[in-house]
Structures are given as C-alpha cells and as structure tokens.
1. Tell me, please, whether a residue that is in contact with a helix residue (DSSP H, G or I) (Cβ under 9 Å, 6 or more places away or on another chain), exposed (fewer than 14 other Cβ atoms within 10 Å of the Cβ), β-branched (V, I, T) and not in a loop (DSSP other than H, G, I, E, B) can be found in region 6-17.
2. Return the residues of region 80-104 that are β-branched (V, I, T) and within 19 Å of Y30 (Cα to Cα); say none if nothing qualifies.
3. State which residue is modelled with the lowest pLDDT when the search covers only region 64-121 and only residues that are acidic (D, E) and farther than 20 Å from E37 by Cβ.
4. Name the single residue that is nearest to S106 (Cα to Cα) among those in region 1-35 being without any contact (Cβ under 8 Å) to a residue 12 or more places away in the chain and of a type in the set (G, A, S).
5. State all residues of region 29-47 that are over 20 Å from M82 (Cβ atoms), touching a strand residue (DSSP E or B) at 6+ places or on another chain (Cβ under 6 Å) and buried (at least 18 other Cβ atoms within 10 Å of the Cβ); if no residue qualifies, say none.
6. Return yes or no: is S22 modelled with pLDDT of 95 or more and either farther than 14 Å from D8 by Cβ or among the aromatic types (F, W, Y) (or both)?
7. Within region 48-102, can you find the residues that are assigned to a loop (DSSP other than H, G, I, E, B), surrounded by 15 or more Cβ atoms within 10 Å (Cβ to Cβ) and polar (S, T, N, Q)?
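The values are calculated or read from the model by the stated rules, or taken from the named source; none is laboratory data. Note that the coordinates shown come from a computational prediction; the quantities given were computed from them, not determined experimentally. Note: ideal-geometry Cβ built from the backbone for every residue, glycine included; neighbour counts use all protein chains shown.
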Amino acid sequence: GAYGVAVDIAESVSETVDEIKSKGGNAKAYNVENASEQQVVDFVADIKEHFGRIDVFFNNSCVDNAADRFHEYSIDVYDKIMNLDMRGTVFMTKMMLPLMMNQGGSIVNTSSFSGQAADLY
C-alpha cells in the first residue's frame, strides 16, 4: 500500500496525517520550510532513510498576501514570495528527483490562484 508524507511549515500538518490515519491510511507529518535549504536537505535525507524512494511528488507552496496590493509590497515581502513559491519549490524538486529516478514517478506542480490571475493592481 501507499504511504503518504505530508509536509508543511504549519504545525497543523499533523491534523492532515491524523485524518489519513483515522481512515486507515499510513502517513507521516513533517514540518519543513522549503525556503530553508538545510530543512529540505534534512527532510529528504529522512525520506531516503525511511522510504528509500518517492513515487509521486506534489508541490503546492504559496505565500498568501491577499491583504496587500502588488504595488504596496515591500521588497522583503516580494523576496519571501519568490523564496518560498519559486526557489523553494525548485530546490525541493531538485532534492527529491534522485529518489524518483530509478523507478520513475510523477511530479505534480500547482500554484495559487495568483499564479493564474494576479491581483488587479
């Protein structure tokens, strides 16, 4: 059977795993900030040690700044968005690929709605 791994910066990721387990599934929660290279390296090392491989990798990282208009973003907010949404996603994928290459697998990337239709201004 499949084993799910739920990863989020939020502590509430454990609630997702609890729900999976309550329905008879197997899963483990990890708190990882994908913008932190060291956290990603440590996470992937743990995955390799415990599972040895990844068959499906689903990226869904985003920072929600819905309260601000784009022209009001500070450069720090912009950097945070780019580090998490872009750089973190690319780095996490780069680190996961070696765990998928022998047997193949699937990578699914999604974005926030802002990735499809930006704020009006």
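1. no
2. T89, V90, T93 - these are the residues of region 80-104 that are β-branched (V, I, T) and within 19 Å of Y30 (Cα to Cα).
3. So, considering only residues that are acidic (D, E) and farther than 20 Å from E37 by Cβ, the one modelled with the lowest pLDDT is D119.
4. Only one residue tops the list, namely G24.
5. Within region 29-47, A29, F43 meet the criteria.
6. The answer is yes for S22.
7. S61, N65
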